[in-house]
Amino acid sequence: MLPIWATTIMFWTVYAQMTTFSVSQATTMDRRIGPSFRIPPGSLTVFFVGSILLTVPVYDRVVVPVSRRLTGNPNGLTPLQRIGAGLVLSILAMSAAALTEIKRLRVARSTPAALENGATVPMSVFWLIPQFFLVGAGEAFTYIGQLDFFLRECPKGMKTMSTGLFLSTLSLGFFVSSALVTVVHKVTGESGHGAWLADNLNRGKLYNFYWLLAVLCLVNLVAYLGAARWYAYKEQRAAVEDDSMAGVELAEEAACCHA
């Protein structure tokens, strides 16, 4: 189970960006609704909830029936397939985030006043919705898939430890995110023309950081697919053991009859 555990950490590294850099992006964008109301940047995480509320019924009503017909699995997708779908969505989310940031910077640089630290870029904050939506949908797949996998596949008497192992991927995802930020700061600097993560996002290259995460997620997905293909579910292992025991018993009976 450990290779599956290790390859799910990267999803939560992507998740961490939605509560850090994506919120920082929102602070620089036009957040007005109507003549006076402004959306608080941190409240954009509500799109996680909306995405999950949309993803779950679509999964139950559309994905499960279709996958039943294609795979013959009464549950639709297996836990590992659900996790894999979440990892794919994390790649799409970081690609969408990078493209949105490129557009945001293009708008900012076309407006000289917007380049100042703290200035508002004349671009609607709702351009950030796709990346929040994709990560939220990915969470619906990954979280449920992980929970099902670690509870179903853990050895007897180790459900508590298995649950802790699953929950540790969340905290490790944020730890990996912090480590990546530290490395990027050291390599590109914290200010200047080449800085990816400058204090003033309008003068930085945050899109490169998002592309880096997309590439790392892609590499992680390849490793995950290898681990998932190699993995045998507990039911499959039990069936193989039963067949082996049955074969041994038949061989013994044949030997006794021959004797």
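Every number in this text was worked out from the coordinates using simple rules, so none of it is lab data. What you see is a predicted model; the values in this text were computed from it and never measured. Because the Cβ atoms are built from the backbone with ideal geometry, glycine has one as well, and the counts that use them run over all protein chains shown.
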Per the charge dipole of segment 88-188 (beta-carbon charges, Lys/Arg positive, Asp/Glu negative, Cα centre), the residue among A137, S178, L89 reaching farthest to the positive end is S178
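Quick check on packing: order 23-32, 91-100 by the mean number of other C-beta atoms within 10 Å, highest mean leading. Before the final figure, lay out the partial values.
Working: 23-32: 18.5, 91-100: 22.0.
Per-residue mean Cβ counts within 10 Å order the peptides as 91-100, 23-32.
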Hits for the chain under the membrane-span-like helix rule (DSSP H, Cα axial span at least 20 Å, Kyte-Doolittle mean at least 1.0) are 159-188, 206-230
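Provide the net charge surrounding T142, with neighbours chosen by a C-beta distance below 15 Å and charges set as Lys +1, Arg +1, Asp -1, Glu -1. Present the calculation step by step, with values, prior to reporting the outcome.
Details: positive: R82; negative: E139, D148.
Neighbourhood net charge equals -1.
Just to confirm a number: summing +1 for Lys and Arg and -1 for Asp and Glu over residues other than L201 whose beta-carbon lies under 9 angstrom from that of L201, what do you get?
In short, 0.
Can you list, largest first and rounded to whole Å, the semi-axes you get for segment 142-198 by taking the square root of 5 times each eigenvalue of its Cα gyration tensor?
Numbers: eigenvalues 293, 19, 7 Å².
Ellipsoid semi-axes (Å, largest first): 38, 10, 6.
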Percent of all Cα-Cα pairs per 10 Å bin for the chain, counting from 0 up to the last occupied bin, reads 7, 25, 28, 18, 11, 5, 3, 2, 1, 0
The rounded separation in angstrom of the Cα centers of segment 10-35 and segment 127-171 is 22
Packing-wise, with mean Cβ within 10 Å as the measure, how do 53-65, 200-212 rank, highest first?
200-212, 53-65
Under 5 Å from the placed amide H of V121, counting only residues 5+ away or on other chains, we find M29, D30
With a 10 Å cut-off between alpha carbons and a GNM built on the chain, which of E101, E190, E139 moves the most?
E190
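Summing -39500 (n - 2.57) over the DSSP H runs of n ≥ 4 in the chain and dividing by its residue number, what mean residue ellipticity at 222 nm do you reach, to the nearest 500 deg cm²/dmol?
So the helix-based figure for the chain works out to -23500 deg cm²/dmol.
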